[in-house]
Amino acid sequence: MTPEKERARILVVDDSEATVEVLQRTLAGKGYQVVTAMNVAMALTMLENAEVDLVITDFKMPRGSGMDLVRHVRENLRDTEVMMITGYPSIEGAVQAIKVGAEEYLAKPFTDEELFAAVRRSLDKLQMNKSRAAHKMQTPALPHGMIGQSGAMHRVFDAIEKAASTSATVLIAGESGTGKELAARAVHYGSDRSQAPFVPVNCGGIPDGLLESELFGHVKGAFTGATESRAGFFHAAEGGSIFLDEVSETSASMQVKLLRVLQDKEVCMVGSTRSRKVDVRILAATNKDLLYLVKKGVFRKDLFYRLNVLAITLPPLRERGGDIPLLAAHFANRFAKEFNRPRARFSEQAMGVLGNYDWPGNVRELENVVQRLVLMTDGETIDVPDLPRLMRFSALRNAGLDRTLAEVEAEYIVSVLASVGNNKTRAAEILGIDRKTLRAKLNPGGVGNGGGSAD
């Protein structure tokens, strides 16, 4: 989360002392700095004299509307997000609040989990906006091609820098698609071995019967088909680094042989009785919990500790939301140039959808999605309807499972209307219904009253 929650300052505005006290205690318990105001006038005074990351305001208050406060924040405070809470929920109010700039809209009563989730999303959105403003959507290429400005990635960069300054073995962990090979390359090319080879090996992609020969080489006649001697990957990496990706997929016998290499710095070619010294740094990676595999007896404990001298853990993309605009812009610019397409930009609404998606495939999935969008989207702006249906509906699927169908439908309609500026024609197109059906759902007998919107 950025700003980090230890530094994030939240202003709670509500005319109910009980509500203010509960919100202050609840948010402070999560490590946020919380200040309070009992009305809009007090809130405006506080905003003039102190920096605030997030304003949480009630809708209806005696002296000034929460809607006025939302509008003031949006028009005057670039680095402040705002969310609205209300005891009088309606579709019209929700749409209007989001339209004038509220990032989130919570109806009372709400759970602590719902509050924390809304606050987290608001602060993530703040970070995305700050990243866009600071970089103007120009993705800075950080050391060795890695991209990121989130706190999680800065910790990765620090770990890479420390690892590059030594010759110790490194174990890189992270989900598939998080960029483990890129991190390994960053360690290698930032080290004093950068002029020597970097040799990547996908241990999971080579049949177990061939892996030993591929890694250590073989002599002529070692097995059927070995018509000549051939050096292995360890020989090819002499003086440099070998990257053993998916090391968790190696067999028990191969794990013993890798352990011997780590201990003795020697390899023995298949079919040979003589070992040969090698000067190779081992960088390994896994998308599995190796310690868990050790406890299950699937992975050798001694090999785990030999590999895990230095550890680098790459965060999943869902934990580095502020980096999504940087990565999306980088990929969009790259593919536009590669395929001679117009330089594409994402609308704020589309970027919001990307930021709220879970990205199970991480950076690799984002890269593939952006490539498809650049190739398939007409024009220079990528908007919400251009995004894969899977992403547009992800927020709905990931919501709690304790709500009625009507509540889920109403929430989604509000989100779609807000994302297209309350344009019912566009919203009906996204929802896959006609305008007549949408109007029926917005009637009091449906999910609410839509309020006068532009078509």
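Looking only at residues that are of a type in the set (Gly, Ala, Ser), surrounded by fewer than 16 Cβ atoms within 10 Å (Cβ to Cβ) and closer than 24 Å to THR381 by Cα in segment 405-455, which one is modelled with the highest pLDDT? Among those residues, the one meeting the criterion is GLY432.
Does VAL369 satisfy the condition of being at pLDDT 90 or above, outside the structural domain of ALA236 (by TED's automatic domain parsing), crowded, with 16+ Cβ neighbours inside 10 Å and assigned to a helix (DSSP H, G or I)?
Values: at pLDDT 90 or above: yes; outside the structural domain of ALA236 (by TED's automatic domain parsing): yes; crowded, with 16+ Cβ neighbours inside 10 Å: yes; assigned to a helix (DSSP H, G or I): yes.
So VAL369 fits the description; yes.
In the condition set (1) touching a helix residue (DSSP H, G or I) at 6+ places or on another chain (Cβ under 9 Å); (2) at pLDDT below 95; (3) at negative phi, TRP359 is compliant with all but (3).
Only one entry of LYS130, LYS162 meets the criterion of being in a helix (DSSP H, G or I), at pLDDT below 85 and of a type in the set (D, E, K, R), and that entry is LYS130.
Filter segment 1-19 down to the residues that are of a type in the set (Val, Ile, Thr) and either modelled with pLDDT under 90 or under 29 Å from the mean Cα position of the chain (by Cα) (or both) and list them by number. If the condition is that a residue be of a type in the set (Val, Ile, Thr) and either modelled with pLDDT under 90 or under 29 Å from the mean Cα position of the chain (by Cα) (or both), then THR2, ILE10, VAL12, THR19 are the ones that fit. The combined condition, being modelled with pLDDT of 90 or more, of a type outside the set (Val, Ile, Thr), under 24 Å from ARG120 (Cβ atoms) and buried (at least 22 other Cβ atoms within 10 Å of the Cβ), is not fulfilled by LEU69. Looking across segment 261-270, the residues that are in contact (Cβ under 8 Å) with a residue 12 or more places away in the chain and either assigned to a strand (DSSP E or B) or more than 16 Å from PHE233 (Cα to Cα) (or both) come down to GLN263, GLU266, VAL267, CYS268, VAL270.
Condition (residue is more than 18 Å from LEU211 (Cα to Cα), crowded, with 21+ Cβ neighbours inside 10 Å and of a type in the set (A, V, I, L, M, F, W, C)) applied to segment 246-262: is it met by at least one residue? The answer is no; no qualifying residue exists. Within segment 206-226, the residues that satisfy the criterion of being within 25 Å of GLY239 (Cα to Cα) and within 36 Å of the chain's Cα centre (by Cα) are ILE206, LEU211, GLU214, LEU215.
If only one of THR57, THR36 is of a type outside the set (D, E, K, R), part of a strand (DSSP E or B) and over 16 Å from GLU104 (Cα atoms), which one is it?
So the residue among THR57, THR36 that is of a type outside the set (D, E, K, R), part of a strand (DSSP E or B) and over 16 Å from GLU104 (Cα atoms) is THR36.
Counting only residues that are among the aromatic types (Phe, Trp, Tyr) and within 30 Å of ALA252 (Cβ to Cβ), which one in segment 298-352 is surrounded by the fewest Cβ atoms within 10 Å (Cβ to Cβ)? Out of the qualifying residues, it is TYR305.
Counting only residues that are surrounded by fewer than 22 Cβ atoms within 10 Å (Cβ to Cβ), in a helix (DSSP H, G or I), touching a residue at least 40 places away in the same chain (Cβ under 8 Å) and not acidic (Asp, Glu), segment 165-208 holds 4 of them. Contact map, segment 308-327: residues that are touching a residue at least 24 places away in the same chain (Cβ under 8 Å) paired with residues that are among the acidic types (Asp, Glu), Cβ distance under 7 Å, separation 6+ or inter-chain. Pairs shown: PRO316/GLU175; ARG318/ASP358; GLY321/ASP124; GLY322/ASP124. Among the residues making up segment 232-260, those that are under 34 Å from the mean Cα position of the chain (by Cα) and assigned to a loop (DSSP other than H, G, I, E, B) are ALA237, GLY240, GLU246, THR250, SER251. Within segment 333-358, being farther than 25 Å from ALA102 by Cβ and not aliphatic (A, V, I, L, M) holds for ASN333, ARG334, PHE335, LYS337, GLU338, PHE339, ASN340, ARG341, PRO342, ARG343.
The values are calculated or read from the model by the stated rules, or taken from the named source; none is laboratory data. On a predicted model such as this, the values are computed, not experimentally measured, just so you know. FYI the Cβ positions are ideal-geometry reconstructions off the backbone, even for glycines, and counts take in every protein chain you see.
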